[in-house]
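The structure appears below as structure tokens.
The values are calculated or read from the model by the stated rules, or taken from the named source; none is laboratory data. Computed from a prediction, not measured in an experiment: that's the story for all the values here. Note that we place each Cβ from the backbone using ideal geometry, even for glycine, and neighbour counts take in every protein chain shown. All accessible areas refer to the heavy atoms of the entire protein, side chains included, with ligands and DNA or RNA removed. Shrake-Rupley method; radii C 1.70, N 1.55, O 1.52, S 1.80 Å.
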Amino acid sequence: MAKTFGIVLSWIKYKESSKIVTLFTEDLGRISIMAQGALKPKSQILAATEVFSKSHFELKKGKNFYYIESAELESSNFTIRQDIDRLTYGFYILELVERSVPEGESSSKIFNMLDKALFDMSSSMKPILQTVAFELKMISILGYRPQLSKCLKCGRTASEIWDFSIIEGGVYCDSCRKGSGVLIDQALFEAMGNILLSRFDQLDELNLSTEALLRIHSILYQFIIYNLDLKELKSQTMLQRGQKL
Ligand SMILES: [Zn+2]
């Protein structure tokens, strides 16, 4: 039997009243669990198998799935659902984890970060802030940390215009740029570097505008899709509809 914390990324209905849940766990990484009877009105595991919920699970490994022996809800992160912005960005983060971390590969770093991001997002007035920080930190943990402190070629740390290369994962200054990447100004360049170095609870202090954050999200989204070789994420389409990116 395995005991671990887990956060529900998504679920699909199975037969009359069961769910197949995709869970991101602290110790086992991303796994599939069969939650028998989870959709029955008086089910003990109803809340623990809702999307965004964090619980402590006791799991038994079966042939194709893990099965729940017990589940103790720690946090439902319910307030994410009470705001359309939080909800769409929340879904985006979950989909990003589901699609980018290989099944069964454990990463307590990503688990803890997801936990923090969802916790802060549940009371956030600007959920894109947690989203952008999560994107940048997650891609770094996965081995694609972009060079955001100086020019890739000459090492300069200030430039009026920077060229962010999606392919090379870093910036070129105005003198070295080849014109094949995304152009950003010095303020946006500094903002990205600061986000990477800040803890989640320090993000508010950066005082970044929604406009700047949307721009950073659009760059990071392209960067992630390219490096992780993903097709587009469904929730990004939802975001684009909402924000007209
Ligand atoms: Zn340069």
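Side notes on the structure shown:
- The chain: angle of helix 234-243 to the longest principal axis, Cα-based, in degrees nearest 10: 60 degrees
- Here the label points at Met1 and Lys42, each 7 Å from Cα along the C-beta direction, are separated by 2.4 nm in the simple model.
- Cβ-based charge dipole, the chain, positive-most Cα from Ser180, Asn64, Gly193: Asn64
- Dipole axis of segment 76-138 (+1 Lys, Arg; -1 Asp, Glu on Cβ), positive-most option in Ser123, Ile93, Ser107: Ser123
- Taken about its Cα centre, the chain carries a charge dipole of about 640 debye when Lys and Arg each add +1 at the Cβ and Asp and Glu each add -1 at the Cβ.
- Sorted largest first, extent of segment 2-76 alpha carbons per principal axis (Å): 30, 29, 19
- Computed from Cα positions, the angle between helix 84-100 and the longest principal axis of the chain comes to roughly 90 degrees.
- Distance histogram in 10 Å bins (all Cα pairs of the chain, percent per bin): 7, 30, 32, 19, 8, 3, 0
- A DSSP coil position with no more than 15 other Cβ atoms inside 10 Å describes the following GluC sites (Glu not before Pro) in segment 89-122: Glu105.
- Protein heavy-atom surface of the chain, 1.4 angstrom probe: 48% of the accessible area is carbon and sulfur, with nucleic acids and ligands not counted.
- Taken per residue, the accessible surface of segment 2-76 reaches 51 Å², heavy atoms only and a 1.4 Å probe.
- Taking the C-alpha atoms only, the angle from helix 127-139 to the longest principal axis of the chain is near 80 degrees.
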